[in-house]
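> Structure in C-alpha cells, see below.
The values are calculated or read from the model by the stated rules, or taken from the named source; none is laboratory data. Keep in mind it's a predicted model, so treat the numbers as computed, not measured. Cβ placement follows ideal geometry from the backbone for every residue including glycine, while neighbour counts extend to all protein chains displayed. Only protein heavy atoms, including side chains, enter the accessible area calculation; ligands, DNA and RNA are left aside. Shrake-Rupley method; radii C 1.70, N 1.55, O 1.52, S 1.80 Å.
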Amino acid sequence: MSDAHTNTENVNGSERKKTCCCGLTSSDIVKVLSDAAIPIMIGIFTLVIAIQQQNAAQSNRDEDAAQAAELRQHDLELARHQREEDRKTARLQRQEDKENTRLQRDLDLTMINDQRIQDYELADRKRNQSENERIYEFRAAQENHRDDLFIEEYHQQENVLFKYQDDLATLLIDFHSTSLNDSFDKFLLALQMKTGAALRRLDSKHRTILIDSLFDAGIFDLNMSHEQSIFFGTNFSGVEFGHPMDSHLSTAHLEYKYIRIEAADMTHATFNKATFKHSPIFNYSNLDYTYWSNVIISNIRFEGHMTMYKSIFTNSIIYGTVFGKNTKLDEISFESSVQCIHCKFIRSSLLRARLAHSNFIEAKFSSLSMADSDMRNGSFLASEFEGASLDRVNLSGANLEQCKFITVSMINCSMFGTRLNKANFTNVNLTGCHGLTDQQLLSNVVFYQTILPNGTFIKKKP
C-alpha cells in the first residue's frame, strides 16, 4: 500500500511539473524569464539612468536657479550700493558746491569790504591830508602872527626899555645937578613910578636888562627907607641878579650893597655869583622857585612873611643868616656843596626840605617842623634842634656829632649809620625810629627823659 501511495505522489508530481502556470512548464518559465531578464535589466538600467539624469538635470536647474537668484541678489546689492554711493557722491558734491559757493560769496564779500575799507582809508587819507594842510596853513599863519606879535612886542619892550633908560639918565643928571634937600626924595619918587611902570610891561629878559641898568647906575648903592623903596610891589619874576646863568666865565661876584624889594613877585628869579653886603629886605615877597648859585650870603635875615617854596641853594656859602618867623621854606634845597655856618631857622616851615649831602656847622633849628625832610649823609656838626618836629626824617649816614636835641619829636625817623658821638638828647621822642643800633645807643651819647625806638623811657643815662 505504501508503494502504491508513493507511486501516486510521483505521478502527481510529474503532472504538476508539466503544467505549472498558464500551461507553461517551469522550464518554460525559466526560459522566458531568462529571455526577458536582459531587456528588463536594460530597461531598468535605462530607467535608472533616466531618473538619475532627470535628477541631475533638476539639480542643475535648481543650482542654476539658485545661482541666478544669488546673482540677481548680488546685482541688486551692487545696484543698491551703487545708488548709495551715487547719492553720497551727489550729497558730497552738493555740499562741496555749497561750500564753494559760500567761500566764493565770503571771498566776494571780503574783497568788497577790503575795497570799501581801502576806499574809506583813501578818503580818510585825503581828508586827513586836507585837514593837515589846513592845520599846517593855520599853524603857519598862527606862528607868523605870533612872530609878528613877538617882534612887535619885542620892539615895544625895546622902546619901553630905551625910554626908561633915557628917563633914568635924565633923572640922574637932574639929581646930580641940583643940591636941594628934597631932590633925593623927588628923584626916588620919579624913579619908583617909572620903574614900576616899566617892569609891568617888560618880560623877564628885558627886566633883567633894566636891573642891570639900575645896578650900573649905582641905585643898589643907595640906602633907601621903607617909604623910599622904588621896588615895592614890582614884578621881578625870572630876573637874573648877578651874572647870567649860562655864563661860564670866571668872573667876580657882583656886590649888591642894598636891596629892598617888598611885596614883589620874584618867582623863578636867579642869583648867580652875587654877594650881599647888607641884609636884603624881601618882606612879603614871593621867592618861590628862586635859584641861588655860587652866592655869598653873610648875616642876612630872610623873614617878614616871605615864601621860598622849592628854592634851591647850590655851591654857595651862607654865614650867620637867619631864616626867621613866618618864612615858608617848604621843600627848599641846600644840597650840592652848600656851607651854612651859624645859620638859624627860627619859627619857619621846613617841611620836606632837601638837606642831603649838605654841610651845616653850629646851625640852629628852633620851633619849626622839618617833617618828611631828607637829611641823608648831611653834616650838622654841633648844631642844635630845639622844639622841632623831625618826624619821618631820613638821617641815615648823617653826621650828628655834638648835636643837641631838646624837646624834639623824631617819630619813625631813619638813622642807619648815623654818627651820634657826643650828641645830647633831652626830652626827645624816638618812637619807631629805624636803624639805631646798640653800638650807637651805647656810644658817647647823653639821653635824658627820652623815649627810645622800642618804647623804653630813659630818665637819665647811667
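> Conditions: (1) touching a residue at least 24 places away in the same chain (Cβ under 8 Å); (2) touching a Lys or Arg at 6+ places or on another chain (Cβ under 6 Å); (3) under 27 Å from L287 (Cα atoms). S396 meets all but one. Number of the miss?
(3)
> Hey, can you tell me all the residues within segment 174-196 that are loosely packed, with under 13 Cβ neighbours inside 10 Å and modelled with pLDDT of 80 or more?
M193
> Give the number of residues within segment 388-401 that are touching an Asp or Glu at 6+ places or on another chain (Cβ under 9 Å) and of a type outside the set (A, V, I, L, M). Before the answer, list the steps.
Filtering segment 388-401 down to residues touching an Asp or Glu at 6+ places or on another chain (Cβ under 9 Å) leaves 391-394.
Subset that is of a type outside the set (A, V, I, L, M): 391-392, 394.
Residues flagged as touching an Asp or Glu at 6+ places or on another chain (Cβ under 9 Å) and of a type outside the set (A, V, I, L, M) within segment 388-401 amount to 3.
> Which residues, counting only those in segment 179-238, are in a helix (DSSP H, G or I), hydrophobic (A, V, I, L, M, F, W, C) and within 23 Å of K277 (Cβ to Cβ)?
F184, F187, L188, L191, L210, I211, L214, F215, I219, F220 - these are the residues of segment 179-238 that are in a helix (DSSP H, G or I), hydrophobic (A, V, I, L, M, F, W, C) and within 23 Å of K277 (Cβ to Cβ).
> Within segment 339-395, count every residue that is of a type outside the set (D, E, K, R) and open to solvent by 20 Å² or more (accessible area, probe 1.4 Å). I'd like the intermediate steps shown before the answer.
Narrowing segment 339-395 to residues of a type outside the set (D, E, K, R): 339-343, 345-346, 348-351, 353, 355-361, 363, 365-371, 373, 375, 377-383, 385, 387-390, 393-395.
Add one more test, that the residue is open to solvent by 20 Å² or more (accessible area, probe 1.4 Å), and what stays is 339, 341-342, 346, 349, 351, 357, 359, 361, 367, 369, 377, 379, 381-382, 387, 389, 394.
Looking only at that region, the number is 18.
> When the residues of segment 204-242 are narrowed to those that are of a type in the set (D, E) and loosely packed, with under 15 Cβ neighbours inside 10 Å, which ends up farthest from G304 (Cα to Cα)? Show your work before the answer.
Of the residues in segment 204-242, the ones of a type in the set (D, E) are 212, 216, 221, 227, 240.
Now narrow it down to the ones that are loosely packed, with under 15 Cβ neighbours inside 10 Å: 216, 221, 227.
On the way: D216: 29, D221: 23, E227: 17 Å.
The extreme case among them is D216.
> Taking F271, is it in contact with a Cys (Cβ under 9 Å, 6 or more places away or on another chain), closer than 20 Å to G238 by Cβ and free of Cβ contacts under 8 Å to residues at least 60 places away in the same chain? Even if it seems obvious, please write down each step before you answer.
Working: in contact with a Cys (Cβ under 9 Å, 6 or more places away or on another chain): no; closer than 20 Å to G238 by Cβ: yes; free of Cβ contacts under 8 Å to residues at least 60 places away in the same chain: yes.
When the stated conditions are applied, F271 does not pass them.
> Now a separate question. Output the residue which, of all residues in segment 329-338 that are free of Cβ contacts under 8 Å to residues at least 24 places away in the same chain and in a loop (DSSP other than H, G, I, E, B), is most open to solvent (accessible area, probe 1.4 Å). So that I can check it myself, show each step before the final result.
Here is the first cut: in segment 329-338, the ones free of Cβ contacts under 8 Å to residues at least 24 places away in the same chain are 330-331, 333, 335-337.
Pick out the ones that are also in a loop (DSSP other than H, G, I, E, B) and you get 330-331, 335-337.
Working: D330: 28, E331: 40, E335: 49, S336: 65, S337: 84 Å².
Ranking the candidates gives S337 first.
> To continue, here is another question. Tell me the residue from N315, N326, N286, N299 that is touching a Gly at 6+ places or on another chain (Cβ under 6 Å) and either without any contact (Cβ under 8 Å) to a residue 40 or more places away in the chain or surrounded by fewer than 20 Cβ atoms within 10 Å (Cβ to Cβ) (or both), please. Give the derivation first.
Details: N315 fails: touching a Gly at 6+ places or on another chain (Cβ under 6 Å); N326 fails: touching a Gly at 6+ places or on another chain (Cβ under 6 Å); N286 fails: touching a Gly at 6+ places or on another chain (Cβ under 6 Å).
Being touching a Gly at 6+ places or on another chain (Cβ under 6 Å) and either without any contact (Cβ under 8 Å) to a residue 40 or more places away in the chain or surrounded by fewer than 20 Cβ atoms within 10 Å (Cβ to Cβ) (or both) holds for just one of N315, N326, N286, N299, which is N299.
> Take segment 63-85 and flag every residue that is at pLDDT 85 or above and acidic (D, E).
Matches in segment 63-85: E77, E84, E85.
> Taking the condition of being hydroxyl-bearing (S, T, Y), modelled with pLDDT of 90 or more and more than 19 Å from L368 (Cα to Cα), how many residues in segment 415-455 meet it?
Filtering segment 415-455 for residues hydroxyl-bearing (S, T, Y) gives 418, 426, 431, 437, 443, 448, 450.
Checking the rest, the ones that are also modelled with pLDDT of 90 or more come to 418, 426, 431, 448, 450.
Cutting the leftovers down to more than 19 Å from L368 (Cα to Cα) gives us 418, 431, 448, 450.
Summing the residues that are hydroxyl-bearing (S, T, Y), modelled with pLDDT of 90 or more and more than 19 Å from L368 (Cα to Cα) in segment 415-455 gives 4.
> List the pairs whose first member sits in segment 341-352 and is part of a strand (DSSP E or B), whose second member is of a type outside the set (A, V, I, L, M), and whose Cβ atoms are under 6 Å apart, counting only residues at least 6 apart or on separate chains?
Note: pairs meeting the criteria are I341/Y319; K344/K364; F345/F323; F345/F365; I346/G324; I346/S366; S349/K328; S349/D330.
> Return the residue satisfying two criteria in turn: it lies in segment 249-260 and is out of contact with any Leu (no Cβ under 9 Å at 6 or more places or on another chain) and closer than 19 Å to G233 by Cβ, and of such residues it is surrounded by the fewest Cβ atoms within 10 Å (Cβ to Cβ).
First, the residues of segment 249-260 that are out of contact with any Leu (no Cβ under 9 Å at 6 or more places or on another chain): 249-256, 259-260.
If we keep only those that are closer than 19 Å to G233 by Cβ as well, we get 259-260.
Details: I259: 19, R260: 22.
The qualifying residue surrounded by the fewest Cβ atoms within 10 Å (Cβ to Cβ) is I259.
> Test of understanding: among K88, K126, K98, K163, which residue is open to solvent by 90 Å² or more (accessible area, probe 1.4 Å) and either within 30 Å of S204 (Cα to Cα) or small (G, A, S) (or both)? Give the derivation first.
Working: K88 fails: either within 30 Å of S204 (Cα to Cα) or small (G, A, S) (or both); K126 fails: either within 30 Å of S204 (Cα to Cα) or small (G, A, S) (or both); K98 fails: either within 30 Å of S204 (Cα to Cα) or small (G, A, S) (or both).
Result of the check over K88, K126, K98, K163: K163.
> If you go through segment 261-278, how many residues are modelled with pLDDT under 85 and surrounded by 19 or more Cβ atoms within 10 Å (Cβ to Cβ)?
Going through segment 261-278 one residue at a time, the tally reaches 1.
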